[in-house]
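The values are calculated or read from the model by the stated rules, or taken from the named source; none is laboratory data. This is a predicted model, so every value here is computed, not measured. Cβ placement follows ideal geometry from the backbone for every residue including glycine, while neighbour counts extend to all protein chains displayed.
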Amino acid sequence: MRFGTKAIHAGQRPDPTTGAIMTPIYCTSTYVQEYPAVVKDGYDYSRGKNPTRTALQDNLAALEGGRHGLAFSSGLASIHALLSTLSPGDRVVCGNDLYGGTFRLFRRVFAPYGLSFDIVDTTDLAATERALSTPCRLLWLETPTNPMLRVTDLAAVAALGHRAGAIVACDNTFASPFLQQPLALGCDVVMHSVTKYLGGHSDVVLGALVLNDDALAERLAFLQLAIGAVPGPMDCFLVLRGTKTLHIRMERHCSNARAVAQHLVKHPRVARVFYPGLPEHPGHAVAKKQMRDFGGMLSFVLKGSVEDGMRFTSKTRVFSLAESLGGVESLIEHPPSMTHASIPAEQRRAAGLEDGLIRLSVGVEDIEDLIEDLDQAFKAT
C-alpha cells in the first residue's frame, strides 16, 4: 500500500454498527465489562485505551513504517514519556539547534532528576562521533532543525549512535512522514508534534511516538497509561481527518516554500536564507538523499537592526504573526523572542541563531499572494 492510500485508510475501517466510513469519536471514559477483570480488546478505561486513539495510533505507525504508534496530549508529553524510560545518571546527546521547548524540558525538568545532556552539532559527523565516545543512553536528533533548517545525515549518525549503545530518536516534525521516514534510515524512535503538519489545520495539540521495538513500545505504553498525558477522542479524530490529506498538502507546502526561498535569496533586503531546497544550503545534498522534498519551513535574516526584523513580522497581511507551524495558513515569527526565548541568548547566538532571524511556515495559499505580501512588508519596514 502506497503512502497516499495509507494516509486515507491505514488503521481505519467502517464502523461495524452503522457502516460509517469515518472513525467514530468515542466520547467515553469507561467501558462496560461482562465480568470483573474480563476486558474486551483491552478497553476498560479511556486513559489506557480509546478506539479513536487506537485508530490514530495505527494510522501514524503505518505512515512512519513502524509497528507501534503511541499518541500523547502534546509533542512535549511524548518526549517526556521517552525520557522517562531513562534512569538518573544516564547521558543524553542532542543537537545544538533544538526546538526551544525540547531544550527547556531537557535542562529544566529532567536535568534536576539526574539526567545529563551534552550538546553537539549533529551535522558534523566527526564531532558527533567524539560526543558518542563515552557512554550514551539516548541520542536525540532533529532534522531539519527548528529554526535553522540544518540537516543531519540520519543513516550515518544513527550508525554512530548504535555503536555507542544509544537509543536513536528523531524529531520528524518539520519533515512529516511523507517527506522523510527516520525508522527506515536507522533510527529507533520517531517523535512528532502532531499539532503541526500531521494535523495540518491549527486546531489540535497532540504528540506521538512511532517505533518497532516491542519491549520499548510496551514500556512506553505503560508510561502512557501511568503518566496519563493522553489526547482526547475529538483531538484524535481531528488528526485522522488531517492525515487523509497530508500528502497533498505537503506537495503544496514544498512548492510554495521553494518559490518563497528563491524569491528571498534575490531580495536586496535579505542577508541570508536557510532552506534545504537551495543548492547552496550546506545540507542540500543530504536532504536530497534522505527526503522526498525539502519541506514548507524556512528562515531568513533581514538586513538592518533587530528592531527592523521584529517590525517586519508585524507588517505582513497574509502571513500571520504567530507561534506554531504546519497549518494550511502561512505563519511568520521571530524565534529569539517567541519559540526559542527559553534558550539563553548566548547559547542561541553560539548555535548560529541570530537575534534578527525570522521563521516562515509557508502555507498552501496562492504563491503570488504570499510573495506580494512579503514584498509589501519589506516596503513597510
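Suppose the filter is modelled with pLDDT of 95 or more, more than 22 Å from residue 335 (Cα to Cα), crowded, with 18+ Cβ neighbours inside 10 Å and under 17 Å from the mean Cα position of the chain (by Cα); does residue 76 pass it?
no
Could you list all residues from region 346-381 that are in contact with a Lys or Arg (Cβ under 6 Å, 6 or more places away or on another chain) and either among the polar types (S, T, N, Q) or at pLDDT 95 or above (or both)?
Of region 346-381, the ones in contact with a Lys or Arg (Cβ under 6 Å, 6 or more places away or on another chain) are 364, 373, 377-378, 380-381.
Result: 364, 373, 377, 378, 381.
Tally up the residues in region 321-357 that are in a helix (DSSP H, G or I) and of a type in the set (Ser, Thr, Tyr), please.
The qualifying residues number 1.
If you scan region 289-304, which residues turn out to be assigned to a helix (DSSP H, G or I) and crowded, with 16+ Cβ neighbours inside 10 Å?
290
Filter region 351-370 down to residues that are surrounded by fewer than 17 Cβ atoms within 10 Å (Cβ to Cβ) and touching a residue at least 60 places away in the same chain (Cβ under 8 Å) and give me whichever is nearest to residue 307 (Cα to Cα).
That would be 352.
Please pick out the residue among 71, 81, 55, 62 that is assigned by TED's automatic domain parsing to the domain that holds residue 197, under 27 Å from residue 235 (Cα atoms) and not in a helix (DSSP H, G or I).
Answer to the selection: 71.
Within region 91-123, take every residue that is in contact (Cβ under 8 Å) with a residue 24 or more places away in the chain, part of a helix (DSSP H, G or I) and among the aliphatic types (A, V, I, L, M) and give me the one that is farthest from residue 158 (Cα to Cα).
By that ranking, first place goes to 109.
Can you list the helices (runs of 4 or more DSSP H) lying wholly within region 201-271 that have 2 or more residues being on the phi > 0 side of the Ramachandran plot and out of contact with any strand residue (DSSP E or B) (no Cβ under 9 Å at 6 or more places or on another chain)?
It comes to none.
So which residues in region 255-282 are buried (at least 23 other Cβ atoms within 10 Å of the Cβ) and within 20 Å of the chain's Cα centre (by Cα)?
257, 274, 275, 276
Being without any contact (Cβ under 8 Å) to a residue 12 or more places away in the chain, surrounded by fewer than 22 Cβ atoms within 10 Å (Cβ to Cβ) and either hydrophobic (A, V, I, L, M, F, W, C) or not assigned by TED's automatic domain parsing to the domain that holds residue 276 (or both), is that true of even one residue in region 178-195?
Checked region 178-195: no residue is without any contact (Cβ under 8 Å) to a residue 12 or more places away in the chain, surrounded by fewer than 22 Cβ atoms within 10 Å (Cβ to Cβ) and either hydrophobic (A, V, I, L, M, F, W, C) or not assigned by TED's automatic domain parsing to the domain that holds residue 276 (or both).
Condition (residue is among the small types (Gly, Ala, Ser), surrounded by fewer than 22 Cβ atoms within 10 Å (Cβ to Cβ) and modelled with pLDDT of 95 or more) applied to region 198-208: is it met by at least one residue? Even if it seems obvious, please write down each step before you answer.
The first filter runs over region 198-208 and keeps only residues among the small types (Gly, Ala, Ser), leaving 199-200, 202, 207-208.
Retained after the next criterion (residues that are surrounded by fewer than 22 Cβ atoms within 10 Å (Cβ to Cβ)): 202.
Narrowing further to those that are modelled with pLDDT of 95 or more: 202.
The answer is yes, given that some residue of region 198-208 is among the small types (Gly, Ala, Ser), surrounded by fewer than 22 Cβ atoms within 10 Å (Cβ to Cβ) and modelled with pLDDT of 95 or more.
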